[in-house]
Each structure stands twice: as C-alpha cells, then as structure tokens.
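Step one of this worksheet: look at the structure below.
The values are calculated or read from the model by the stated rules, or taken from the named source; none is laboratory data. The structure displayed is predicted, hence computed values, not measured ones. When we count neighbours, we look across all protein chains shown, and the Cβ atoms used for this are built from the backbone with ideal geometry, even at glycine. Heads up: the accessible areas ignore ligands, DNA and RNA and are worked out on the full protein's heavy atoms, side chains in. Shrake-Rupley method; radii C 1.70, N 1.55, O 1.52, S 1.80 Å.
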Amino acid sequence: MALITLPNGTSVDLVDPIFTDGNFYWYEATKGGDRIPTSLGELNGILQLAKEAEKARSALGEPMIVTSWYRPKWLNDRIPNASRNSQHIPGKAMDFYCNNLTPLQIYRKLDPIWDGGLGLYGGHVHIDVRGSRGRF
C-alpha cells in the first residue's frame, strides 16, 4: 500500500482508480506518487480530465499508457520547450500512447470527438480539458 493524501484531506492508495470502475489510477496522475497535487484546483483538474479521458479510451478501444499527467510548475519550468501555461500544471492534461495504435492513428480517432486540446508529438499524444478546442 502506498497512500497519498489529496488536498481535500482524502487518503487514497496509488493503485486505486481515480473513479470507481474507472480505467485511470492515482499512480498515473501523480507519476507514481512523485507529483502529488497541493491545491483543490489541481485536484479538480485531475478529476475533470480523468472523467473526460474515459470517453477517449472508449473511442480508442485501447488502454492509454500515461507518460505524464499532473506536473507541478517548478517541474514544468525545467522541461525544455514546455509551455509556461501548460495544462499539465493544473492537472488538466495528459500525454499518452497506446501499444496497438500509432500516435497518428490516435490523433485521427480523437480529432472529431475531443472538445479540448489535442496534440500530436513524436511518440505520444497530448489531450487536455482547457475549455476550448485546440489542435497542435
């Protein structure tokens, strides 16, 4: 058991799903417990993205392997070429790949249905819940 305490005072195990019967887990959102949100805004961003990402997973028909989700500002500032206003900072973005789909296939499947930000990078896809449609 690896318990973390969320900003709302709730303790969760890293292997617990973010939502009951969900496909995303606290270890994914927190990079194995190394990136624990410190504000309710960050926690709410994680919860909002987890809910919306379930729709993306259903559309893809494949598990999504998360490489980055919540990212504290101090860490984001150390990443070369990272946006200073990254949606990762408030927990509203994830980078991921699927074992059985190329990033381009993922992008094409999500483009018509994803209402937030959608980005195609070399080895992964970025999705976010920025509140408006964005493509990059």
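Quick one: with all protein chains in place, what share of the accessible area of the chain is carbon or sulfur, to the nearest percent (1.4 Å probe)? Don't skip to the answer; put the middle values down first.
Values: 3620 of 7150 Å².
Carbon and sulfur atoms account for 51 percent of the accessible area of the chain.
How much mean residue ellipticity at 222 nm does the chain get from its helices, if each DSSP H run of length 4 or more adds -39500 (n - 2.57) and you divide by all residues, to the nearest 500 deg cm²/dmol? Don't skip to the answer; put the middle values down first.
Numbers: 4 runs with 37 residues, N = 136.
Calculated from helices alone, the mean residue ellipticity at 222 nm is -8000 deg cm²/dmol.
Could you give the length gained by full extension between Asn8 and Asn100, i.e. 0.36 nm per residue of separation minus their alpha carbon distance, to one decimal place?
On the way: separation 92, 0.36 × 92 = 33.12 nm, distance 3.69 nm.
Computed gain between Asn8 and Asn100 is 29.4 nm.
Remark on Gly134: its backbone amide H falls under 5 Å from those of Gly117, Leu118, a criterion applied only to residues 5 or more positions apart or on other chains, H modelled at 1.01 Å from N.
Residues of the chain: accessible area per residue at 1.4 Å, in Å²?
Working: 7150 Å² over 136 residues.
Result: 53 Å² per residue.
Note on the chain: antiparallel DSSP beta bridges, both residues inside, total approximately 90 percent of the bridges counted. Taking the Cα atoms only, what angle lies between the long axis of helix 40-60 and the longest principal axis of the chain, rounded to 10 degrees? The answer is roughly 40 degrees. Take the Cβ atoms of Arg108 and Asp21, set R0 to 41 Å, and the FRET efficiency comes out at 0.90.
Given contacts defined as C-alpha pairs under 8 Å and at least six residues apart, what's the relative contact order of the chain, whole-number percent? Working shown, then result.
Working: 245 pairs, mean separation 25.0, N = 136.
Computed value for the chain: 18 percent relative contact order.
Distance between the modelled labels on Arg135 and Ser58, one decimal in nanometres: 2.4 nm (7 Å Cα→Cβ projection).
In the stretch 95-136, what % of DSSP beta bridges are antiparallel (nearest 5)? It would help to have the intermediate numbers written out before the result.
On the way: 7 of 9 bridges.
The antiparallel fraction comes to roughly 80 percent.
With the largest listed first and rounded to whole Å, the semi-axes of the equivalent ellipsoid of the chain from the Cα gyration tensor are 23, 17, 13. When the chain is treated as a Gaussian network with alpha carbon springs shorter than 10 Å, the biggest mean-square fluctuation among Val15, Val125, Val66 belongs to Val15.
When the Gaussian network model of the chain links Cα atoms closer than 10 Å, the mean-square fluctuations of Ile65, Ile89, Ile113 top out at Ile113. Say we join alpha carbon atoms closer than 10 Å with springs in a Gaussian network model of the chain; which of Ala29, Ala56, Ala93 then has the biggest fluctuation? Sorting by GNM fluctuation, first place goes to Ala56.
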